[in-house]
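In what follows, a structure is listed as structure tokens, so that the remarks can point back to it.
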Amino acid sequence: MDDYPAADPIPDPVEGYDARYTTLMDFLSTSKEMKQTATSSFKQALFAGSGAMAGGMVFGPLGGLIGGVAGSLIGYVRSSDYDGVMVHLCKLDPNSKKELLTRVGQVLVAAGAATKGIDTNINFRDTLLTYASQQGVRDNLWNACMDSLHE
């Protein structure tokens, strides 16, 4: 018998793709900070990719390398200042941080961790490292982080 019964089984990473995509798009369209992060990251990627393609078309593989570096530099200079997901997670209010830790604990227990395995910082870290090697657990941990940013 489990120490803590899981509310939901860990979903198959392939199953429910459309629902996760819709959730992601909803999140990106409603969170101003994440929308800015996604837009700025996309612009930087376009500059880097365009530079690499143009350089490669004109000068071959070496041109692709040089064009990619040049495009990356142009993307960096032209991008607006934005924060990544980790910065947003660090800025969560105390209630949201507590809720996120609760959800992470639920994911770990659902994956098979004992509740005593997450009762101290050292145990929590070790359990997190052990179970995060599983793709399904990583997906659920990421979803918990994304959900905490949305709320």
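Just so you know, all these numbers are worked out from the coordinates, no wet-lab data involved. Remember, predicted model here, so these are calculated numbers, not experimental data.
Listing for the model above:
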| quantity | calculated |
| --- | --- |
| In order through the stretch 123-139: 3J(HN,Hα) via Karplus (6.51 cos²θ - 1.76 cosθ + 1.60), integer Hz, x for Gly, Pro | 4, 4, 4, 5, 5, 4, 5, 5, 7, 6, 6, 8, 4, x, 5, 4, 4 |
| Shape category assigned to the stretch 92-151 from the gyration tensor of Cα positions, a/c cut at 1.5 | oblate |
| Phi-based couplings in Hz for the stretch 42-56 (Karplus 6.51, -1.76, 1.60; Gly and Pro marked x) | 5, 4, 4, 5, 5, 4, 4, x, 5, x, 5, 5, 4, x, x |
